[in-house]
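I have placed the structure first, in the form of structure tokens, so that the comments after it can refer back to it.
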Amino acid sequence: MDHAAEAHRTDLMTITRHVLNEQSKHPEARGAFTILLNHIVLGCKFVCSAVSKAGLAKLIGLAGETNVQGEEQKKMDVLSNEVFVKALISSGQTSILISEEDEEATFVDPSKRGRYIVVFDPLDGSSNIDCGVSIGTIFGIYMVEHKDDLSLEDVLQPGEKMVAAGYCMYGSSCTLVLSTGNGVNGFTLDPSLGEFILTHPNIKIPKKGKIYSINEGNAKNWDKATAKYVENCKFPKDGSSPKSLRYIGSMVADVHRTLLYGGIFMYPADKKSPNGKLRLLYEVIPMSYLMEQAGGQAFTGKQRALELVPNNIHERSPVFLGSYDDVEEIKKIYAAVEEEST
Ligand code: AFP
């Protein structure tokens, strides 16, 4: 028997233990972040369980629909939002919540306030639920200086001010990927233990990848730089092999694959959608933060994504994110196209 391997297998690094280890590097920390993260993890576990039972429990459908027992059923994204909002408020560690599902920001009652702002998309890719494609929750965390004197200005901060970001993917397994500003780690839910276990320590994205990921159906509306880059992916001029196309249409799943296998994920601006489709605060920024933490890059077509300052909470932004070299290439194409036009 390989005792070393056996000992390793029984020494489980749960997500809480991992975050406590990180916390111990900051003697001034009082555990507030660990408490917050535990509540996010609880939300992820709930949604994971609900998504996996969705067909069975007839939870899919329009909000207000009734199930066979005559009980009112909620649409999965509405349900997920409620779960996260309640979990985050009850943590006692949040002051402002921004959710994809809620038009307005939620300012937490002063009696329950803490020092964190959480921006999140409780169930991204929900149009894919009915066919069982992987979907996920995306979140980003900012810190406020003064929790008693809050305004939307506290939320409208560039991504480089974020203190943590992550996503949970509800797929063939439930995987939570997290960065607290010190690299990226992936945890897989062990359903028998009900715990997220560290399975992907210190994720580094390959420097260059073999996959490009974009909705090709929008090609007729792309700008010149995007069209040129995709052309290069298919017909490389340097004699290298063409890249493969993979596009799920569920950002968490497309980004997860990009993070592990390398390559580039793009949702560009186009003639119909001058700012692209994806939301800056709770899609583009958290995913860009993770990419940079894993050694990749994220670019908007104009600048580093993490430098962009949001003007409103549901603002959209184009994004190109993934392997360092692949994003570098599209940056060069944008610069060349810009120069041609001046
Ligand atoms: P839904 O939540 O409506 O399914 O949208 C998913 C999403 O916001 C993101 O997860 C995908 O990357 C992107 O939209 C796909 O958009 P297209 O369908 O336009 O390619």
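The values are calculated or read from the model by the stated rules, or taken from the named source; none is laboratory data. Computed from a prediction, not measured in an experiment: that's the story for all the values here. When we count neighbours, we look across all protein chains shown, and the Cβ atoms used for this are built from the backbone with ideal geometry, even at glycine. Just so you know, the surface numbers come from the protein's heavy atoms only, side chains and all, with ligands and any DNA or RNA stripped out. Shrake-Rupley method; radii C 1.70, N 1.55, O 1.52, S 1.80 Å.
A few notes on this one:
- Once backbone amide H atoms are built at 1.01 Å from N, residue 278 has 317 as its partners under 5 Å, excluding neighbours fewer than 5 places away on the same chain.
- In order along the stretch 304-313, the Karplus-derived 3J(HN,Hα) couplings, from 6.51 cos²θ - 1.76 cosθ + 1.60 at θ = phi - 60°, round to 4, 4, 6, 9, 6, 9, x, 9, 8, 5 Hz, and Gly and Pro are given as x.
- Near residue 244, the amide H atoms lying under 5 Å from its own belong to 211, 212; only residues 5 or more places off or on other chains count, and H is placed 1.01 Å from N.
- Amide H contacts for residue 135 (H built 1.01 Å from N in the peptide plane; partners 5 or more residues away or on another chain; cut-off under 5 Å): 170.
- Relative contact order (percent, whole number), the stretch 215-342, Cα cutoff 8 Å, 6+ residue spacing: 28
- Rounded to the nearest whole Hz, the Karplus-based 3J(HN,Hα) values (6.51 cos²θ - 1.76 cosθ + 1.60, θ = phi - 60°) of the stretch 273-287 follow the sequence 10, x, 10, x, 10, 6, 7, 5, 5, 10, 10, 5, 5, x, 5, with x at glycine and proline.
- Shape call, the stretch 227-342: gyration tensor on alpha carbons, a/c limit 1.5: oblate
- Top positive-direction residue, dipole computed over the stretch 190-342 with Cβ charges, set 233, 192, 293: 233
- Per the Debye formula on identical point scatterers at the alpha carbon atoms of the chain, with no solvent, log10 I(q)/I(0) at q = 0.08, 0.11 Å⁻¹ is -0.39, -0.74.
- Cut-off 12 Å between beta-carbons: net charge of the residues surrounding residue 256, Lys and Arg +1, Asp and Glu -1: 0
- Euclidean distance of C-alpha centroids, the stretch 293-312 and the stretch 98-134, integer Å: 21
- Carbon and sulfur %, accessible surface of the stretch 118-170 computed with the full protein complex present, 1.4 Å: 45
- Rounded if a/c under 1.5, otherwise prolate or oblate - the stretch 95-150, Cα gyration tensor axes: prolate
- Rolling a 1.4 Å probe over the protein heavy atoms of the stretch 199-342, with every protein chain left in place, gives an accessible area that is 51 percent carbon and sulfur.
- The local environment of residue 16, defined by Cβ-Cβ distances under 12 Å, has a net charge of -1 under the rule Lys, Arg +1 and Asp, Glu -1.
- Here the contact order of the chain, divided by its residue count and restricted to Cα pairs under 8 Å and six or more residues apart, works out to 15 percent.
- Taking one quarter of the surface of the convex hull spanned by the alpha-carbon atoms of the stretch 253-304 gives a direction-averaged projected area of 3.7 nm².
- Whole-Hz Karplus values for the stretch 124-138 come out as 7, x, 5, 5, 8, 4, 4, 10, x, 6, 4, 10, x, 10, 10 Hz, taken residue by residue from phi with 6.51 cos²θ - 1.76 cosθ + 1.60 and θ = phi - 60°; glycine and proline positions read x.
- Set of aspartates and glutamates with alpha-carbon distance to residue 224 below 12 Å, sequence-local pairs under 8 removed: 270, 338, 340
- Whether the stretch 196-295 is rounded, prolate or oblate, judged on the alpha carbon gyration tensor where a/c under 1.5 counts as rounded: oblate
- Potential lengthening between residue 244 and residue 202 on full extension [0.36 nm per residue; Cα-Cα distance subtracted]: 12.5 nm
- Residue-normalised accessible area of the chain, given per residue in Å² at a 1.4 Å probe: 48
- Taking each DSSP H run with n ≥ 4 as -39500 (n - 2.57) and averaging over every residue of the chain yields -9500 deg cm²/dmol at 222 nm.
- Electrostatic bookkeeping for residue 203 treats Lys and Arg as +1 and Asp and Glu as -1; over the other residues with beta carbon under 15 Å from its beta carbon, the sum is +2.
- The lysines whose alpha-carbon is closer than 22 Å to the alpha-carbon of residue 161, local same-chain residues fewer than 8 away aside, are 25, 147, 204, 302.
- In this label model, residue 228 and residue 146 are separated by 4.9 nm, measuring between points 7 Å along each Cα→Cβ vector.
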